[in-house]
Amino acid sequence: MSDNASEQERLGFDTRSVHNGRDPRLQGGMVNSPVYHGSTVIYPTLEELELSRLDHDAKGKVVYGRLGSPSTFALENAMADLENGFGSISVSSGLAAVTTSILAFAGSGDHVLMVDTAYGPTRAFCDGFLRKIGVDVTYYDPLVGENIEPMIKSNTKLIFMESPGSMTFEVQDAPKIVSIANKYGITTALDNSWATPLFYKPLDFGINISVTAATKYIVGHADAMLGLITTDEKSFYLVKKCRDLLGQSLAPDDVYLGTRGMRTLAVRVRQHQHQALALAEWLSGHNEVLEVLHPAFANCPGHDIWARDFKGSTGLFSFIIKPRPKKALANMLDHMKLFSMGFSWGGFESLIVPQYPEKSRTATSWEKQGQVIRVHVGLEDIEDLICDMESGLRRYAETNI
Ligand SMILES: *Cc1c(COP(=O)(O)O)cnc(C)c1O
């Protein structure tokens, strides 16, 4: 954080996203900070060269390209400030932010508790990599709350949350999980990609590590991959060391796109929220729709926790449509005009993908009938998006088999 942290505290989120991590006086008066391309850092004297070895593990020191540049530190400091963290650590993707956070705490012989509704590749990492290196992983129900306690083992090192859950949007009672974790000295991490620090700040709820797929809303334009890990002071050096040992490095232009995206994060995310609520509302009254899965809706598991802890909702949610043959689904999705099919989300454009939660849950089972559809609601005119969805649902309902 900057020296005038207490003064910064008084500024609002939007102001801080606009001003954090840049100082025109140091950049020839230019508004934006420069992009530093670089590997080698030059040391003018032998004394400085030798002293630099001590800086390898320090926060915000320019030592060698892989370990960060003034561009990287600008983004990291800006994010740490928005999340009320001690520091932020940038990595090459959202998934790298997940894996680095886990590997910083879990090794051979350790145990990790992972939420059953975790992002698919997070789960694949647990099953395909953690188990291979001798880490024991147990999946838990996202609605477990304080009943996580009996699942804790003497070797449990980390409880990983993702709230709301991927695909189906269950909201976790993170404060309850944190209070149990603290009793046993276990580190807690939460994937906060959905809410962004605008609507949820994990560290304010006692979580040690906030993981963000910055690829999504921070970059915001579907044009770069980026991950950010914001931590408290005691976790910072462990996570940074893990990142550095793994040889993670970031392309300077992608770091810049992250910093640039952050300037407009708040306005974009508020508009995504507004659009998604309008579409969800419209869908909830549609004859083909069985259920809307959106944390701001009272039927969403954990809705009360969302209302208590979150300051808003974003553009990503799911809904369930009546079961019909695959041909009907293809007829709906293949001819959408504005909702494109594609993975990822958080950019300015609308996206749609079918989801199959029944295939990837082990601690809980997905019993609901019907096809789950996940949408990311972009920044197009909402009337146009509703019109596109209306035609799609008509094709779905009217496909002759
Ligand atoms: C997309 C996503 C990630 C991974 O981010 P990438 O930048 O695509 O690697 C992690 N967690 C969640 C919840 C995501 O949606």
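Within region 203-226, the presence of at least one residue that is away from the ligand (no atom under 15 Å from the Cβ), closer than 24 Å to PHE310 by Cα and in contact with a Gly (Cβ under 9 Å, 6 or more places away or on another chain) is confirmed. Scoring ILE207 on the criteria (1) under 21 Å from PHE343 (Cβ atoms); (2) surrounded by 24 or more Cβ atoms within 10 Å (Cβ to Cβ) leaves a single failure, condition (1).
Let's see how each residue does on (1) over 30 Å from ILE320 (Cβ atoms); (2) in contact (Cβ under 8 Å) with a residue 40 or more places away in the chain:
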{"site": "MET225", "(1), (2)": "yes, yes"}
{"site": "LEU238", "(1), (2)": "yes, yes"}
{"site": "LEU245", "(1), (2)": "yes, no"}
{"site": "LEU257", "(1), (2)": "yes, no"}
{"site": "LEU279", "(1), (2)": "no, yes"}
{"site": "ASP304", "(1), (2)": "no, no"}
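Just one of the listed residues (ARG22, ARG10) is at pLDDT below 95 and more than 21 Å from ARG260 (Cα to Cα), namely ARG10.
Within region 64-101, can you find the residues that are acidic (Asp, Glu) and either more than 14 Å from ASP244 (Cβ to Cβ) or within 16 Å of the ligand (Cβ to nearest atom) (or both)? Reasoning before the result, please.
Step one: list which residues in region 64-101 are acidic (Asp, Glu), which gives 76, 81, 83.
Matches in region 64-101: ASP81, GLU83.
Highlighted here are the strands (runs of 3 or more DSSP E) found entirely within region 288-401 that include at least 3 residues which are within 16 Å of the ligand (Cβ to nearest atom), within 24 Å of GLY261 (Cβ to Cβ) and not assigned by TED's automatic domain parsing to the domain that holds TYR217: 351-355, 371-376. Selection of region 212-235 for residues being within 11 Å of ILE89 (Cα to Cα) and among the β-branched types (Val, Ile, Thr) yields THR212, ILE229, THR230, THR231. Of all residues in region 104-123, those that are within 17 Å of LEU238 (Cβ to Cβ) and touching a residue at least 12 places away in the same chain (Cβ under 8 Å) have Cβ atoms under 9 Å from Cβ atoms of residues that are within 16 Å of the ligand (Cβ to nearest atom) and among the basic types (Lys, Arg), 6 or more apart or on another chain, in ALA104/ARG243.
Would you call ALA296 closer than 14 Å to GLY378 by Cα and among the aliphatic types (A, V, I, L, M)? In short, no. Here is a check on your reading of the model: is GLY370 without any contact (Cβ under 8 Å) to a residue 12 or more places away in the chain and in contact with a strand residue (DSSP E or B) (Cβ under 7 Å, 6 or more places away or on another chain)? Against the criterion (without any contact (Cβ under 8 Å) to a residue 12 or more places away in the chain and in contact with a strand residue (DSSP E or B) (Cβ under 7 Å, 6 or more places away or on another chain)), GLY370 does not qualify.
For region 276-287, give me each residue that is surrounded by fewer than 21 Cβ atoms within 10 Å (Cβ to Cβ) and either outside any loop (DSSP other than H, G, I, E, B) or in the same structural domain as GLY12 (by TED's automatic domain parsing) (or both). Write out each step before concluding.
Taking region 276-287 and keeping what is surrounded by fewer than 21 Cβ atoms within 10 Å (Cβ to Cβ), we get 277-278, 281-282, 284-287.
Correct list: LEU277, ALA278, GLU281, TRP282, SER284.
Scan region 124-142 and give yes if some residue there is in contact with a Ser or Thr (Cβ under 9 Å, 6 or more places away or on another chain), over 17 Å from ALA106 (Cβ atoms) and in contact (Cβ under 8 Å) with a residue 12 or more places away in the chain, otherwise no. Looking for residues that are in contact with a Ser or Thr (Cβ under 9 Å, 6 or more places away or on another chain), over 17 Å from ALA106 (Cβ atoms) and in contact (Cβ under 8 Å) with a residue 12 or more places away in the chain, one finds at least one in region 124-142, hence yes.
The values are calculated or read from the model by the stated rules, or taken from the named source; none is laboratory data. Treat the numbers as computed from the prediction; the structure is a model and nothing was measured. Please note: Cβ atoms are built from the backbone with ideal geometry, for glycine as well, and neighbour counts cover all protein chains shown.
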